[in-house]
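The values are calculated or read from the model by the stated rules, or taken from the named source; none is laboratory data. In this text, all values refer to a predicted model and were calculated from it rather than measured experimentally. Heads up, the Cβs are rebuilt from the backbone with ideal geometry, glycines too, and the neighbour counts pull from every protein chain shown. All accessible areas refer to the heavy atoms of the entire protein, side chains included, with ligands and DNA or RNA removed. Shrake-Rupley method; radii C 1.70, N 1.55, O 1.52, S 1.80 Å.
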Amino acid sequence: MIPIKTQDEISIMREVCAMAATVLARMEKDVAVGMTTYDLDQAGRKYMKELGCKSACFNYKVGNSIYPAHTCLSVNEEIVHGIGSIKRCLQEGDVITLDVCAEYKGYVGDNAKTVIIGNARDEQDAYLVKHTQAALQEGIQAARPNGRVGDISHTIQRYLDRHQLGIIRDFVGHGVGASMHEPPQIPNFGRRKTGAKLRAGMTLAIEPMVSLGSPQTKMLDDGWTAVTRDGSTAAHFEHTVLITEDGPEIITVPNL
Ligand code: MF3
Ligand code: CO
C-alpha cells in the first residue's frame, strides 16, 4: 500500500526535495516588513522556474476548489494553505509559515517552516515556533525501518503535550512521491506500535501543525485557508524524510 521507491525514484526525490528546500530558503531570506504575501508567493514562483521545477500546489484540486497560488503562506492565526494576497502586508512580529511543494520529473518534494518577522510580538510566539520545530525533529527521529507510523505520531504528540501546545488534528502528514499526498496519513497524535509498518525506501512528509491555544480549526471563505478558531497563533514545520536501512534521512535540504 505505501509506495517503496526504487533507487531511480529516490534519486529524483532527492533532486526535487533539494529544489523545494532551496526555494524555501530563498523565500525565507526575502521575508521582510512591508512585503505583501502576494510578492512573496511570486518570488517562490520565480525561484521554482529558475531551478527548473514547478509548484505542486498551483492548480491543485480538492473537490471543486482549485488552489490559485504557487506556495502556501499562512500568517499568525492561519495554520495552513494561506493564499498570498496583495492586501496582506507583512508586519513586525508576524508569524508566517512558508510551505513549498515542488514537482520535478513527476515527483514531489514538500517542506515548510515558520518564521517570526523581526521581534516576536510576545514570547509565547517564539516558544510556539521553537517547540514546533523541535517536535518535527523528534518525530523524524522516530521514523525508523521496522517501526510504525504510530511511533512518529506518538513521539510528536508526547513532545507537544509536554510543552502544553495545541496539536492540530484536522490536518496530517503524509507519504509523498509520485503525488503530493500518498499513503500513509501521519497524524501528529497517536499510539506507538500502531499503524502501518515503516520500511526503507518510503518517503514521508512529516509535519506538526501546532497552536498556542485551542487546536480547533475553521476554514476561511476562500475555501483553502485554515485558521485557529480562537485566533491563537499557529506554527508548522515540515520535512520530506527518506527512510533508509540506517534510519531517517531528511532530504529537503537546500543544495543549490
Ligand atoms: N504542503 C501542503 C500539504 O501537504 C501543500 C498543499 S498545496 C495546496 O497539504 F494546494 F493544497 F494548498
Ligand atoms: Co505536506
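Here are some notes:
- Listed pairs K54/K193; K29/K87; K5/K87 exceeding 30 Å between Cα atoms: K54/K193; K5/K87
- Rounded to 0.05, the FRET efficiency of the D8 and E92 pair, given R0 = 45 Å and the Cβ-Cβ distance, is 0.45.
- Among C89, C53, C72, residue whose mean-square fluctuation peaks in a GNM of the chain (springs only between Cα atoms under 10 Å): C89
- The chain: relative contact order in percent, alpha carbon pairs under 8 Å with at least 6 residues between: 24
- Accessible surface, 1.4 Å probe, highest first, among residues I167, I66: I66, I167
- Test item: Cα-centred dipole of the chain, Lys/Arg +1 and Asp/Glu -1 on Cβ, debye: 580
- In loop segments of the stretch 45-109 as defined by DSSP, there are no chymotrypsin sites (Phe, Trp or Tyr not before Pro) with at most 15 further C-beta atoms inside 10 Å of their C-beta.
- Loop-located trypsin sites (Lys or Arg not before Pro) in the stretch 55-89 whose Cβ has at most 15 other Cβ within 10 Å (DSSP): K87
- Relative contact order (%) - criterion: Cα under 8 Å, at least six apart; region: the stretch 1-123: 30
- Loop-located GluC sites (Glu not before Pro) in the stretch 209-256 whose Cβ has at most 15 other Cβ within 10 Å (DSSP): E245
- Longest to shortest principal axis, alpha-carbon extents of the stretch 23-128, angstrom: 42, 31, 26
- Relative to the current alpha-carbon distance between N119 and N255, full extension at 0.36 nm per residue lengthens the span by 46.1 nm.
- Full extension of the chain between K46 and I66 yields a length gain of 5.1 nm, computed as 0.36 nm times the residue separation minus the alpha carbon distance.
- Simple spin-label estimate for A134 and S85 in nanometres, 7 Å along Cα-Cβ: 3.4
- For R158 and Y127, the difference between the fully extended length at 0.36 nm per residue and the C-alpha to C-alpha distance is 9.5 nm.
- Here the chain is treated as an ellipsoid with the same Cα gyration tensor; its semi-axes, largest first and in whole Å, are 26, 22, 16.
- Under 19 Å of direct C-alpha separation, and excluding same-chain neighbours fewer than eight residues apart, K61 reaches these aspartates and glutamates: D41, D99, E103, D110, D170, E182, D221, D222.
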